[in-house]
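The structure appears below as structure tokens.
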């Protein structure tokens, strides 16, 4: 199956179905940033990493030093790094509001933009970054037709994304809140599904 027979999934949430068979995506909510006949890519928005925390990450990249670390805003000090997915897990990406733009910023859809440069991390560190942002290491990617096949095989539910869920710090509720966008109660989801 090809993306051509599917409407574009860009700007949508993928919500992992129970029992999809890949532990990396258990209860994952993925925001899709690109989708074409060549494949798809997106970021898991509800899985945070134990380490590094954002201040540690900024220090490791030498964006800030230890003394500058203590001057970070409380919001930045408390910010978690997200695991965006299993592809290129050492590379950083920032999903953010449209109040920050650079030459490499891409508008995903509506108020959600994507930038993957050190400059945006510096801007966040010094308080000049986008008001809303989510920093992720790695991304989730699919080859041509792979995501469409997974959807047809009941691996994912698809729903229009909600910006508030993407940028919310309450990661533990993003899965159930995303399901509610479809009118689905998490408690009623079955790990076995079939076709009518």
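The values are calculated or read from the model by the stated rules, or taken from the named source; none is laboratory data. No experiment lies behind these values; they were computed from the predicted model shown. Using ideal geometry, Cβ is built from the backbone for each residue, glycine included, and neighbour counts are taken over all protein chains shown.
The table below gives the values:
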{"quantity": "Number of the exception - residue 99 against (1) crowded, with 18+ Cβ neighbours inside 10 Å; (2) modelled with pLDDT of 90 or more; (3) farther than 17 Å from residue 43 by Cβ", "calculated": "(1)"}
{"quantity": "Count - residues of segment 158-171 that are surrounded by fewer than 16 Cβ atoms within 10 Å (Cβ to Cβ) and free of Cβ contacts under 8 Å to residues at least 12 places away in the same chain", "calculated": "2"}
{"quantity": "Complete set of residues in segment 47-71 that are surrounded by 12 or more Cβ atoms within 10 Å (Cβ to Cβ), out of contact with any strand residue (DSSP E or B) (no Cβ under 8 Å at 6 or more places or on another chain) and not in a loop (DSSP other than H, G, I, E, B)", "calculated": "55, 56, 58, 59, 68, 69"}
{"quantity": "Contacts under 7 angstrom Cβ, first residue in segment 19-41 being free of Cβ contacts under 8 Å to residues at least 12 places away in the same chain, partner surrounded by 14 or more Cβ atoms within 10 Å (Cβ to Cβ), 6 or more apart", "calculated": "26/16"}
{"quantity": "Residue, nearest to residue 173 (Cα to Cα), within segment 1-15, restricted to residues that are more than 13 Å from the chain's Cα centre (by Cα) and in contact (Cβ under 8 Å) with a residue 24 or more places away in the chain", "calculated": "9"}
{"quantity": "Residues located in segment 1-39, provided they are over 14 Å from residue 148 (Cβ atoms), at pLDDT 85 or above, out of contact with any strand residue (DSSP E or B) (no Cβ under 8 Å at 6 or more places or on another chain) and assigned to a loop (DSSP other than H, G, I, E, B)", "calculated": "18"}
{"quantity": "Residue ID - nearest to residue 45 (Cα to Cα), chosen from residues in segment 129-157 that are surrounded by fewer than 16 Cβ atoms within 10 Å (Cβ to Cβ) and in contact (Cβ under 8 Å) with a residue 12 or more places away in the chain", "calculated": "131"}
{"quantity": "Options 120, 166, 124: the member that is under 26 Å from residue 63 (Cα atoms), under 14 Å from the mean Cα position of the chain (by Cα) and part of a helix (DSSP H, G or I)", "calculated": "166"}
